[in-house]
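Below: one structure, written as structure tokens.
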Amino acid sequence: MTQEHLDELNAIKEEARQGPDPAATERQHAKGKLTARERIELLLDKGSFQEIEPLRRHRATGFGLENKKPYTDGVVTGWGTVDGRTVFVYAHDFRIFGGALGEAHADKIHKLMDRAIAAGAPLVSLNDGAGARIQEGVTALAGYGGIFRRNTRASGVIPQISVMLGPCAGGAAYSPALTDFVFMVRDTSQMFITGPDVVKAVTGEDITHNGLGGADVHADTSGVAHFVYDDEETCLEEVRYLLSLLPSNNRELPPAVPADDLADRPTKALRELVPFDGNRPYDIRQVIEELADDGEHFEVSASWAANIVCSLARLDGQVVGFVANQPLSMAGVLDIKSSEKAARFVQFCDAFNIPLVTLVDVPGFLPGVDQEHEGIIRRGAKLLYAYCDATVPRISVVLRKAYGGAYIVMDSRSIGADIALAWPTNEIAVMGAEGAANVIFRKQIAAADDPEAVRQQRIKEYKAELMHPYYAAERGLVDDVIDPGETREVLIRSLAMLRAKHAELPHRKHGNPPQ
């Protein structure tokens with residue numbers, strides 16, 4: 001091989017790295033956006049990226065494409081490491097055809113996804129594209145189909161993370177929806193099936209791109225986005241942090257780290273943090289912070305369905321998933337959104353061998369015509385199904401209220417929790433004492449000379465007989481009633497005991513969960 005050959009190779013690869021038009025890079029930066037390669041450099045460990053097919057070009061002819069054949073065809077693909085562990089990544093290059101997907105572009109992504117599945121390593125997509133390349137017609141649409149099929153095949157096998165760093169419209173939006181987590185950046189990223197112009201033409205509604213499918217819309221209203229940040233640098237740093245909490249695939253355990261926080265550290269603050277009065281709110285996040293190593297936890301979908309909190313954290317260096325009712329929002333009731341949010345989180349944790357800790361303080365399911373008509377029965381059953389189907393270690397702790405069907409759904413002993421614990425403030429019952437007394441003693445109260453006095457007496461009797469903190473423990477539905485100050489220590493000891501848990505489900509192709 002001559003030096004001339006090497007010079008030619010280096011020149012071609014440099015052209016592929018720089019892109020065909022320096023002005024396009026300036027335009028990208030002017031929008032507050034990084035280039036595909038700059039994003040990959042932030043995501044991966046320095047110098048670890050190994051690119052695949054940097055010299056690929058499309059083979060389309062007509063509609064002006066025959067004279068525009070840039071290297072990479074608008075997507076950079078390859079693998080590298082995050083904290084020393086292999087991660088596969090592809091990044092749309094908006095400078096080339098607006099990041100639009102064509103046949104060669106899709107083929108590169110297909111190959112990368114197949115390699116990620118075969119290697120058993122996470123897949124991260126950095127999305128910044130204008131959808132299907134119209135000039136290539138149906139072959140572009142077929143390319144998306146191949147991506148969707150691989151997203152589905154990889155589901156529950158390797159972690160899949162979608163990072164939205166620009167527009168994502170039409171059918172392209174379904175790939176992120178099929179992945180485990182979606183990250184978005186405010187002001188620069190949008191997702192929608194039909195854009196504002198089409199919406200206005202069809203419905204007459206006038207709306208901006210961000211108003212229709214911006215980051216905050218998907219974080220607060222639709223629930224499509226799990227994490228939202230103000231800039232790309234912070235977003236990609238948080239993707240790295242999430243990867244540090246996840247196993248590479250479903251055959252591995254999450255990575256453990258040495259813990260500086262003592263396993264037997266008392267959590268006495270919990271005795272005061274959770275009010276004895278069941279009607280007084282408090283922030284369940286503070287409970288999780290008190291329990292977790294160094295007070296750190298990574299909350300999923302913090303702005304959507306805020307009446308339940310789903311977080312990844314560590315206990316004694318081991319990753320766990322917390323599912324907790326949030327009394328600060330809607331008194332912590334379960335409704336359609338919170339049930340679906342928690343169900344998907346439980347399924348994710350179960351797929352990737354992450355133990356579940358459920359903190360229960362739930363007054364029931366949200367009543368209302370809208371909830372019933374919109375399917376609270378079938379959609380609330382998703383959470384029940386997810387817990388019943390989960391085989392990872394499962395521990396539930398009843399902090400205060402645990403009423404009715406919501407108590408059962410929140411990983412009670414009856415649906416398979418391995419360890420069921422409760423605090424001395426727990427009230428496990430079919431319903432609150434006031435409601436129960438009104439139903440059971442309705443006739444007596446109505447016939448009494450002093451109905452209110454009788455009602456209060458019957459409430460007191462019901463509490464004494466059926467709602468005292470040790471009623472469930474006496475009947476074996478709770479393994480132990482514990483001091484809140486010992487909760488962290490008991491959880492860590494219980495999880496250590498369950499670490500080698502092995503559970504077999506009946507042989508089946510797959511279940512048929514409620515939709």
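The values are calculated or read from the model by the stated rules, or taken from the named source; none is laboratory data. Computed from a predicted model, the values in this text were never measured in an experiment. As a convention, Cβ positions derive from the backbone with ideal geometry for all residues, glycine included, and neighbour counts pool all protein chains shown.
Some notes on this structure:
- Unique residue being of a type outside the set (D, E, K, R), assigned to a strand (DSSP E or B), at pLDDT 95 or above and in contact with a Gly (Cβ under 8 Å, 6 or more places away or on another chain) when the list is 357, 346, 397: 357
- Single residue of segment 440-458 satisfying the filter (modelled with pLDDT of 75 or more and touching a helix residue (DSSP H, G or I) at 6+ places or on another chain (Cβ under 8 Å)) that is farthest from residue 400 (Cα to Cα): 448
- Exactly one residue out of 361, 350 is more than 19 Å from residue 225 (Cβ to Cβ), under 14 Å from the mean Cα position of the chain (by Cα) and acidic (Asp, Glu): that is 350.
- The residues of segment 67-85 that are at pLDDT 95 or above, among the small types (Gly, Ala, Ser) and either not in a strand (DSSP E or B) or not assigned by TED's automatic domain parsing to the domain that holds residue 56 (or both) amount to a single one, 84.
- One residue alone among 215, 225, 269, 219 is surrounded by 13 or more Cβ atoms within 10 Å (Cβ to Cβ), of a type in the set (Gly, Ala, Ser) and closer than 30 Å to residue 425 by Cβ, and that residue is 269.
- In segment 168-205, residue surrounded by the fewest Cβ atoms within 10 Å (Cβ to Cβ) [restricted to those that are of a type in the set (S, T, N, Q) and assigned to a loop (DSSP other than H, G, I, E, B)]: 194
- Restricting attention to segment 390-430, the residues that are within 23 Å of residue 286 (Cα to Cα) and surrounded by fewer than 19 Cβ atoms within 10 Å (Cβ to Cβ) add up to 1.
- Breaking point among (1) assigned to a loop (DSSP other than H, G, I, E, B); (2) outside the structural domain of residue 290 (by TED's automatic domain parsing), for residue 439: (1)
- Scanning segment 129-187 for residues that are more than 21 Å from the chain's Cα centre (by Cα) and of a type in the set (Phe, Trp, Tyr) yields one hit, 144.
- Against the conditions (1) touching a strand residue (DSSP E or B) at 6+ places or on another chain (Cβ under 7 Å); (2) part of a helix (DSSP H, G or I); (3) more than 30 Å from residue 515 (Cα to Cα), residue 406 satisfies every one except (3).
- Residues being surrounded by fewer than 22 Cβ atoms within 10 Å (Cβ to Cβ) and in contact (Cβ under 8 Å) with a residue 40 or more places away in the chain - total across segment 303-313: 2
- Extreme residue, nearest to residue 126 (Cα to Cα), among residues of segment 234-279 that are touching a helix residue (DSSP H, G or I) at 6+ places or on another chain (Cβ under 6 Å) and acidic (Asp, Glu): 261
- None of 94, 88 is of a type outside the set (Asp, Glu), assigned by TED's automatic domain parsing to the domain that holds residue 35 and within 24 Å of the chain's Cα centre (by Cα) except 88.
- Of residues in segment 291-319 being in a strand (DSSP E or B) and of a type in the set (A, V, I, L, M), the one nearest to residue 235 (Cα to Cα): 300
- Residue list for segment 462-492, restricted to those being in a helix (DSSP H, G or I), surrounded by 12 or more Cβ atoms within 10 Å (Cβ to Cβ) and free of Cβ contacts under 8 Å to residues at least 12 places away in the same chain: none
- Condition met for residue 293 (closer than 25 Å to residue 84 by Cα and either more than 17 Å from the chain's Cα centre (by Cα) or free of Cβ contacts under 8 Å to residues at least 40 places away in the same chain (or both)): yes
- Test: residue in segment 484-500 that is modelled with pLDDT under 80 and hydrophobic (A, V, I, L, M, F, W, C): no
- Taken over segment 251-261, the criterion of being of a type outside the set (A, V, I, L, M) and exposed (fewer than 15 other Cβ atoms within 10 Å of the Cβ) is satisfied by 251, 252, 258, 260.
- The condition (being in contact (Cβ under 8 Å) with a residue 60 or more places away in the chain, among the β-branched types (Val, Ile, Thr) and either under 30 Å from residue 255 (Cβ atoms) or in a strand (DSSP E or B) (or both)) is satisfied by just one residue among 109, 147, 117, 158: 158.
- Within segment 202-231, considering residues that are of a type in the set (A, V, I, L, M, F, W, C) and farther than 11 Å from residue 184 by Cβ, the one farthest from the chain's Cα centre (by Cα): 202
- Filter result for residue 255 (part of a loop (DSSP other than H, G, I, E, B), closer than 14 Å to residue 312 by Cα and touching a residue at least 40 places away in the same chain (Cβ under 8 Å)): yes
- Filter result for the condition that a residue is in the same structural domain as residue 220 (by TED's automatic domain parsing) and either under 21 Å from residue 237 (Cα atoms) or touching a Ser or Thr at 6+ places or on another chain (Cβ under 6 Å) (or both), over 153, 115, 186: 186
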